[in-house]
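Q: Pasting in a structure now, in structure tokens, and then I'll have a few things to ask.
The values are calculated or read from the model by the stated rules, or taken from the named source; none is laboratory data. As the structure is a prediction and not an experimental result, all values here were calculated from the model. Every residue, glycine among them, receives a Cβ derived from its backbone with ideal geometry; neighbour counts consider all protein chains shown.
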Amino acid sequence: MKKVSYFLIILFSTLLVASCYKLVSTYAPSEVEPGQTFEVSFTVIDDGSDRQDFVTDWSFAGIRVPKGWTVTVPEGAHRQFAEDWVYYPDGSQVNSSHDMEPCDKLTQFYNAVCKKTGYTWAGFKSVQKIPKNISACWRNGCDSIRITFLVTVPEDVQPGRYTIDFMGGDEEDDAGIDKYTSYTAAKDSRLFHVGTAAGSYVSNRNAALARTVIVTDPTAINDLKDLKDPKDLKDLSGRPATKQTRIIIKNGKKILQR
């Protein structure tokens with residue numbers, strides 16, 4: 001009986017390892033301006049396992065930004081990449097995109113595990129369970145997965161250097177994240193599988209892939225009349241600027257109105 005139990009433990013551990021992936025790259029622009037919305041992303045690949053097990057799971061991803069910054073996800077935020085001719089047994093393509101949506105519970109978990117003064121996590125989950133097979137053998141599965149976020153900087157942000165961190169994971173269980181009552185109950189799960197931030201539960205961390213974004217200081221003016229042709233000035237939405245417009249656009253350049 002003990003031998004059988006030991007064998008099951010080894011087998012279960014092997015399956016977990018087989019489905020693991022690692023964080024290999026992140027992206028964010030080096031410089032942004034107050035009021036700007038920009039794209040950031042992280043990419044994972046297989047950890048080198050030779051197994052070819054297909055899995056269908058819920059994907060989870062989070063991004064940590066300064067408090068007051070806004071994070072959303074574009075349509076098809078979850079992208080899987082492979083050769084066009086690679087298909088799953090049900091006929092669906094491996095090279096595909098999937099939608100994600102905000103996940104308050106994941107946000108709470110990540111904020112509880114990886115705290116940082118002045119920063120906060122925004123968590124997201126896939127809208128549906130996603131069939132995927134991250135595999136070292138690209139002929140049998142997708143070779144990478146990329147998660148994309150849209151980050152908006154407040155118009156009144158102070159110029160300076162800011163750090164953006166990422167975290168991600170998945171859950172194969174149908175209940176997904178809902179089966180966990182607290183982050184401590186989820187600490188051994190794959191929700192904390194890859195990331196750039198320090199955290200006791202993150203199993204595959206690469207701090208070097210955290211991104212530094214510099215918020216630049218727009219040119220300042222005291223009044224619209226200080227500029228030539230004020231009628232041609234626009235606000236961030238493309239509408240004509242007024243005296244109340246804090247940041248205006250002139251010839252593609254952002255100008256702060258004090």
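Q: Is it the case that region 121-135 has a residue that's modelled with pLDDT of 95 or more, surrounded by fewer than 19 Cβ atoms within 10 Å (Cβ to Cβ) and on the phi < 0 side of the Ramachandran plot?
A: yes
Q: Condition test on G176, is it in the same structural domain as S25 (by TED's automatic domain parsing) and either in contact with a His (Cβ under 6 Å, 6 or more places away or on another chain) or at negative phi (or both)?
A: On the way: in the same structural domain as S25 (by TED's automatic domain parsing): yes; either in contact with a His (Cβ under 6 Å, 6 or more places away or on another chain) or at negative phi (or both): no.
In short, no.
Q: Would you check which residues across region 10-34 are buried (at least 19 other Cβ atoms within 10 Å of the Cβ), assigned to a strand (DSSP E or B) and at pLDDT 80 or above and list them?
A: Across region 10-34, the qualifying residues are L23, T26, V32.
Q: A follow-up question, please. Taking only region 198-209 into account, find how many residues are in contact with a Phe, Trp or Tyr (Cβ under 8 Å, 6 or more places away or on another chain) and either surrounded by 21 or more Cβ atoms within 10 Å (Cβ to Cβ) or assigned to a loop (DSSP other than H, G, I, E, B) (or both).
A: Looking only at that region, the number is 4.
Q: Now for a different question. Kindly establish whether A185 is loosely packed, with under 13 Cβ neighbours inside 10 Å, at pLDDT 60 or above and within 23 Å of I147 (Cβ to Cβ). It would help to see each step written out before you state the result.
A: Numbers: loosely packed, with under 13 Cβ neighbours inside 10 Å: yes; at pLDDT 60 or above: yes; within 23 Å of I147 (Cβ to Cβ): no.
Against the criterion (loosely packed, with under 13 Cβ neighbours inside 10 Å, at pLDDT 60 or above and within 23 Å of I147 (Cβ to Cβ)), A185 does not qualify.
Q: Of all residues being over 25 Å from V213 (Cα atoms) and crowded, with 20+ Cβ neighbours inside 10 Å in region 35-85, which is modelled with the lowest pLDDT? Just the residue, please. Before you say what the answer is, go through the steps one by one.
A: Quick first cut of region 35-85, residues over 25 Å from V213 (Cα atoms) only: 46-59, 80-85.
Still in the list and also crowded, with 20+ Cβ neighbours inside 10 Å: 46, 58-59, 80, 82.
Details: D46: 71, W58: 92, S59: 93, Q80: 83, A82: 68.
Ranking the qualifying residues of region 35-85, first place goes to A82.
Q: Here is a follow-up. Name the residue that is farthest from V24 (Cα to Cα), counting only residues in region 211-227 that are modelled with pLDDT of 90 or more and surrounded by fewer than 18 Cβ atoms within 10 Å (Cβ to Cβ). Steps first, please.
A: Of region 211-227, the ones modelled with pLDDT of 90 or more are 211-215.
Within this subset, residues satisfying the condition of being surrounded by fewer than 18 Cβ atoms within 10 Å (Cβ to Cβ) are 212, 214.
Values: T212: 17, I214: 23 Å.
Selected residue: I214.
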